1. Anything in region 169-178 that is under 26 Å from residue 116 (Cα atoms) and either modelled with pLDDT of 95 or more or surrounded by 14 or more Cβ atoms within 10 Å (Cβ to Cβ) (or both)? List them, or say none.
2. For region 256-363, give me every one of the helices (runs of 4 or more DSSP H) that falls completely inside it and has 1 or more residues that are in contact with a strand residue (DSSP E or B) (Cβ under 9 Å, 6 or more places away or on another chain).
3. Restricting to region 64-108, count the residues that are free of Cβ contacts under 8 Å to residues at least 12 places away in the same chain, at positive phi and surrounded by 15 or more Cβ atoms within 10 Å (Cβ to Cβ).
4. So, in region 207-218, of the ones that are surrounded by 24 or more Cβ atoms within 10 Å (Cβ to Cβ) and over 23 Å from the mean Cα position of the chain (by Cα), which residue ends up nearest to residue 261 (Cα to Cα)?
5. Across region 183-206, what is the number of residues that are open to solvent by less than 60 Å² (accessible area, probe 1.4 Å) and either more than 21 Å from residue 134 (Cβ to Cβ) or free of Cβ contacts under 8 Å to residues at least 24 places away in the same chain (or both)?
6. Open to solvent by 10 Å² or more (accessible area, probe 1.4 Å), in contact (Cβ under 8 Å) with a residue 12 or more places away in the chain and closer than 25 Å to residue 404 by Cβ, is that true of residue 311?
7. Could you grab me the full set of residues in region 357-374 that are farther than 12 Å from residue 394 by Cα and either surrounded by 19 or more Cβ atoms within 10 Å (Cβ to Cβ) or modelled with pLDDT under 95 (or both)?
8. Which residues, taken from region 227-249, are within 23 Å of residue 52 (Cβ to Cβ) and open to solvent by 10 Å² or more (accessible area, probe 1.4 Å)?
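The values are calculated or read from the model by the stated rules, or taken from the named source; none is laboratory data. Note that the structure is a prediction, hence the values are computed from the model and not measured. Cβ sites come from the backbone with ideal geometry, for glycine too, and all protein chains shown count toward neighbours. Just so you know, the surface numbers come from the protein's heavy atoms only, side chains and all, with ligands and any DNA or RNA stripped out. Shrake-Rupley method; radii C 1.70, N 1.55, O 1.52, S 1.80 Å.
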Amino acid sequence: MSGTYLGMPAFPRAAAVSTRDAQLRANLTHATHTIRDKRARAVAELDDWAQLRAAGAAVKDRTLRHLDRYLEQLEAAVVAAGGRVHWAADAAEANRIVTELVRETGEREVVKVKSMATQEIGLNEALEKAGIRAYETDLAELIVQLGADLPSHILVPAIHRNRAEIRDIFRREMGRWGRPAPEGLSDAPAELAEAARLHLREKFLTAKVGISGANFMVAETGTLVVVESEGNGRMCLTLPETLISVVGIEKVVPTWQDLEIFLQLLPRSSTAERMNPYTSTWTGTVDGDGPRTFHLVLLDNGRTDTLADTVGRQALRCIRCSACLNVCPVYERAGGHAYGSPYPGPIGAILTPQLRGMAGPLEESLPYASSLCGACYEVCPVAIDIPEVLVHLRERVVEGGPGVRNGARVVLKPAKGHAAERAAMRAAAWAFDHPRVLRRGMRLAARTRGLHPRRLPGPGRAWSQARDLPVVPPESFRDWWRRTRGGSSGQPSREQGDAE
């Protein structure tokens, strides 16, 4: 995907470092708890939230089943409205297309709307290598860029920074990128926002090229949609002469009626607002209004491969609300950087390994970056069963099996270092297939419970470093049921079953 995060260690190693950062954990705890509490109140206002959620999932699934048709419809509508469409199979092709389009304008500076897709492909770095400087205009993205940092949250990329840290970054770095921070800048939110506004206003008024992503694309009209809370995105979308939008192919929705569902789901799940303060839509080009030239770069970069997985494809429903991050106990403690991807948290744990493939230790470790508590599924506005996909991907890591890479069917090899896990799972499967063996094993475990260690030896040591082994009860459920309910046959009577 992106060159930005290459070289990141596997999740356990990265998390071992970040969890020891007390300031980081304090920043994350405060921010995530605040956001999720507001979201819960906003969602509770709607009596039909469950129905909206189901409708959003259904629309996404239907669109993904017929994605080829809707993408062709979108392309035709964009072209008819005066835009140009480019297809990018991977990050390298997308970066090449955008770089060439900027060079054609003769410009060496661009302003950018906050975009996960451009982070995914490492566009800023690619433009820099070509001598083109990209200026982030979202406030949080600006903080990350000025601090030579990486985003750590989908919605709030600088969530790991507090106000004092942001003040120091502005004082130190703003002058190197443009207008310097005001003298005596404090860490008051209003002063920080004003410093950013003054700094960015110069960029908006001089930039000739804007680059964006999109939250949604409407196939029937070729319309692109960006929702935001600051208004900086709208400045990028309307003031430059050339607009280039890089969008994942899964962001398409068939009709405006379908879009209406997501414009209710997204703001309440992300910023806890009834609707976004700024919802910008544009369709091609219009004389005298907005950019004179519009390019749409449709990005695959592993999405078609993900679509081929009947279990994992539900990750492509994601509308990037970040609700799953804000309720995840693992994300809250480890932070976003530990995931080694622009997509952190639970959604990153299932999306990154599928987009990149099981390319190395990092991708192989991400499906295990979860407690499987299920909180992510409960808050997902499009009902992505993240725990189900995590377990599915863990099976792929341990067992390997058939998959799709770059459009070709392949057989994935099991990841290294999981031989003990494979043996344990196969032994468990055999035991469950042999009830007598299982029953005797449970009785033996109960009778020797006083000898059981609290920590596992050997390969199990890592698992039990942070948790105690469950205490084995003095009697198995089967034996308890036979003794108290079932009699000698081991089966409850009809009356007992009805009563239960």
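1. First pass over region 169-178, keeping only residues under 26 Å from residue 116 (Cα atoms): 169-170, 173-174, 176-178.
Once the filter is applied, which keeps residues that are under 26 Å from residue 116 (Cα atoms) and either modelled with pLDDT of 95 or more or surrounded by 14 or more Cβ atoms within 10 Å (Cβ to Cβ) (or both), region 169-178 yields 169, 170, 173, 174, 177, 178.
2. Details: elements: 256-270, 303-307, 323-327, 329-334, 345-356.
Result: 256-270, 303-307.
3. Summing the residues that are free of Cβ contacts under 8 Å to residues at least 12 places away in the same chain, at positive phi and surrounded by 15 or more Cβ atoms within 10 Å (Cβ to Cβ) in region 64-108 gives 0.
4. If we take residues in region 207-218 being surrounded by 24 or more Cβ atoms within 10 Å (Cβ to Cβ) and over 23 Å from the mean Cα position of the chain (by Cα), then 210 is nearest to residue 261 (Cα to Cα).
5. The initial filter retains those residues of region 183-206 that are open to solvent by less than 60 Å² (accessible area, probe 1.4 Å), namely 185-188, 192-193, 195-196, 198-200, 203-204.
Then drop every residue that is not either more than 21 Å from residue 134 (Cβ to Cβ) or free of Cβ contacts under 8 Å to residues at least 24 places away in the same chain (or both), which leaves 185-188, 192-193, 198.
So the answer is 7.
6. Numbers: open to solvent by 10 Å² or more (accessible area, probe 1.4 Å): yes; in contact (Cβ under 8 Å) with a residue 12 or more places away in the chain: yes; closer than 25 Å to residue 404 by Cβ: yes.
In short, yes.
7. Within region 357-374, 357, 359, 360, 361, 362, 371 meet the criteria.
8. Just the residues of region 227-249 that are within 23 Å of residue 52 (Cβ to Cβ), to begin with: 227-229, 248.
Residues satisfying the conditions are 227, 228, 229.
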